[in-house]
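K.L.:
What follows is a structure written as structure tokens; I'll ask about it next.
The values are calculated or read from the model by the stated rules, or taken from the named source; none is laboratory data. As the structure is a computational prediction, the values presented were derived from the model and not from experiment. FYI the Cβ positions are ideal-geometry reconstructions off the backbone, even for glycines, and counts take in every protein chain you see.
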Amino acid sequence: MESQEILSIRLKSHLLTGSNPTGAAATVRHMAAMQAQDFRMAKWAIGIRSPQTSEQEIQQAIDSGDIIRIHLLRPTWHFAAPEDVRWMLDLSGARIRSAMASNDKKLGLAPEDFRRSNQMLEKLLRDGQSLTRDELIPHWEAAGIGTMVNRPAHLLMHAETEQIICSGPFRKTAVTYALLDERIPASPILSREEALGTLALRYFTGHGPATLPDFCWWSGLSLNDCRKAISLVENRLLSEHSPWGTLWFAESSVLIADDSFKNHLLPAYDEFIIGYRQRETVIGLSQQKKAISSNGVFRPVLLRNGQAVGLWRTAVVKGKTTVERSPFENVQSREESLFEEATERYLRFAGKNPGKKPE
């Protein structure tokens with residue numbers, strides 16, 4: 001399988017071309033999990049895949065609990081459907097806590113601190129209460145759990161991965177936390193084998209074609225677990241050889257040929273780039289330093305036919321929000337006009353061009 005064919009199928013898997021599910025929650029469910037530490041950009045990652053959904057509607061879905069923002073898979077924020085949170089944390093929670101152990105020790109946090117913090121959170125947040133981190137700090141201090149340096153982030157992440165708390169409704173621009181059991185309805189318990197197979201099928205459906213190393217990176221699971229996961233569902237996936245190894249993907253991504261490539265203003269940390277270990281297909285090695293910093297900051301990119309061709313950012317000029325585009329190379333005038341359409345789409349989504357309705 002050649003690079004352009006890989007990108008063509010990925011664009012469809014990612015809902016960047018072709019027909020899309022209806023609504024923000026359905027989009028997140030299709031993608032399985034979407035990295036979401038840059039909150040504004042993460043909402044656009046949903047919006048770019050569901051063109052008739054506004055930023056306000058996505059925020060409402062998050063506030064209502066139709067979309068959950070929580071640390072799972074790798075130790076960073078993700079969006080996930082509520083029914084997927086528990087089994088994904090069953091798979092990844094212990095690994096995340098293990099990855100945090102060294103910094104926990106440097107911060108002087110012991111198992112007893114996490115136990116007491118969890119008990120405190122369960123008491124404070126019961127009966128539908130939600131609190132911000134700043135509101136929780138005095139309670140930790142009163143309980144004798146110091147909050148210096150980055151301790152609160154670790155206390156909260158432990159509580160998330162132990163399925164005590166998850167995101168609550170936003171309070172203006174502030175993240176709140178709520179009890180997971182009150183926020184997320186009970187769902188069937190999956191065995192570890194069922195969860196592994198489900199995760200593999202969902203990843204390769206929403207991200208394929210992708211390789212075993214890609215899946216290992218995205219899921220944060222061990223190589224043995226990832227191999228087992230693929231073996232459990234390989235009869236439900238298609239596979240092709242490539243220079244990067246065997247590629248796995250869903251048949252639904254190739255049933256109908258889709259040549260309607262569009263230019264996109266891809267958000268920072270978008271799954272189309274960050275969801276893979278091997279990124280050269282999307283971003284050439286010579287351009288990766290421009291799009292991905294040495295400390296792991298993924299910048300918003302201009303995407304043309306599945307390839308990164310530049311960067312973009314918002315700016316305020318004379319009180320008006322605009323988009324500044326910085327192509328890596330010269331962009332032909334016809335293609336530049338397509339980026340104009342992509343720019344209008346983003347500004348419409350963000351409510352910066354209220355005179356135009358979503359397509």
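K.L.:
Being over 22 Å from residue 94 (Cβ atoms), part of a helix (DSSP H, G or I) and among the aromatic types (Phe, Trp, Tyr) is true for just one of 215, 204. Which residue is that? Full working, then the answer.
P.N.:
On the way: 215 fails: over 22 Å from residue 94 (Cβ atoms).
So the residue among 215, 204 that is over 22 Å from residue 94 (Cβ atoms), part of a helix (DSSP H, G or I) and among the aromatic types (Phe, Trp, Tyr) is 204.
K.L.:
OK, next. Could you tell me which residue of the range 299-308 is farthest from residue 10 (Cα to Cα), considering only residues that are in contact with a strand residue (DSSP E or B) (Cβ under 8 Å, 6 or more places away or on another chain) and surrounded by 21 or more Cβ atoms within 10 Å (Cβ to Cβ)?
P.N.:
Checked the range 299-308; the qualifying residue farthest from residue 10 (Cα to Cα) is 300.
K.L.:
Looking at the range 17-28, which of its residues are buried (at least 20 other Cβ atoms within 10 Å of the Cβ) and either at pLDDT 95 or above or assigned to a helix (DSSP H, G or I) (or both)? Break it down into steps so the answer makes sense when it comes.
P.N.:
Looking only at the range 17-28, we keep the residues that are buried (at least 20 other Cβ atoms within 10 Å of the Cβ), and these are 17, 24-25, 27-28.
Those that are buried (at least 20 other Cβ atoms within 10 Å of the Cβ) and either at pLDDT 95 or above or assigned to a helix (DSSP H, G or I) (or both): 24, 25, 27, 28.
K.L.:
Quick one: in the range 58-91, which of the residues that are among the charged types (D, E, K, R) and at pLDDT 95 or above is surrounded by the most Cβ atoms within 10 Å (Cβ to Cβ)? It would help to see each step written out before you state the result.
P.N.:
Initial filter on the range 58-91 (among the charged types (D, E, K, R)): 63, 66, 69, 74, 83-84, 86, 90.
Filter again for at pLDDT 95 or above, leaving 63, 66, 69, 83-84, 86, 90.
Numbers: 63: 16, 66: 17, 69: 21, 83: 14, 84: 23, 86: 21, 90: 16.
Residue satisfying both the conditions and the ranking: 84.
K.L.:
Checking residue 50 against (1) outside the structural domain of residue 150 (by TED's automatic domain parsing); (2) buried (at least 21 other Cβ atoms within 10 Å of the Cβ); (3) of a type in the set (Ser, Thr, Tyr); (4) at pLDDT below 95, which single condition isn't satisfied?
P.N.:
(1)
K.L.:
Can you say whether residue 36 is buried (at least 23 other Cβ atoms within 10 Å of the Cβ), within 20 Å of residue 205 (Cβ to Cβ), of a type outside the set (Asp, Glu) and in contact (Cβ under 8 Å) with a residue 12 or more places away in the chain, as far as the supplied structure shows? Walk me through it before giving the result.
P.N.:
Details: buried (at least 23 other Cβ atoms within 10 Å of the Cβ): yes; within 20 Å of residue 205 (Cβ to Cβ): yes; of a type outside the set (Asp, Glu): yes; in contact (Cβ under 8 Å) with a residue 12 or more places away in the chain: yes.
When the stated conditions are applied, residue 36 passes them.
Here is a yes/no grid of residues against (1) within 22 Å of residue 262 (Cβ to Cβ); (2) not aliphatic (A, V, I, L, M):
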| position | (1), (2) |
| --- | --- |
| 14 | yes, yes |
| 19 | yes, yes |
| 42 | yes, no |
| 56 | no, yes |
| 66 | no, yes |
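K.L.:
From 161, 132, grab the single residue that is of a type in the set (Ser, Thr, Tyr) and either surrounded by 16 or more Cβ atoms within 10 Å (Cβ to Cβ) or free of Cβ contacts under 8 Å to residues at least 40 places away in the same chain (or both). Can you show your working first?
P.N.:
Details: 132 fails: either surrounded by 16 or more Cβ atoms within 10 Å (Cβ to Cβ) or free of Cβ contacts under 8 Å to residues at least 40 places away in the same chain (or both).
None of the others qualify; the one that does is 161.
K.L.:
In the range 298-319, how many are more than 20 Å from the chain's Cα centre (by Cα) and of a type outside the set (S, T, N, Q)?
P.N.:
We begin by selecting, within the range 298-319, every residue more than 20 Å from the chain's Cα centre (by Cα); these are 304-305, 309-310, 314-319.
Among the residues that remain, those that are also of a type outside the set (S, T, N, Q) are: 304, 309-310, 315-319.
Residues in the range 298-319 being more than 20 Å from the chain's Cα centre (by Cα) and of a type outside the set (S, T, N, Q): 8 in total.
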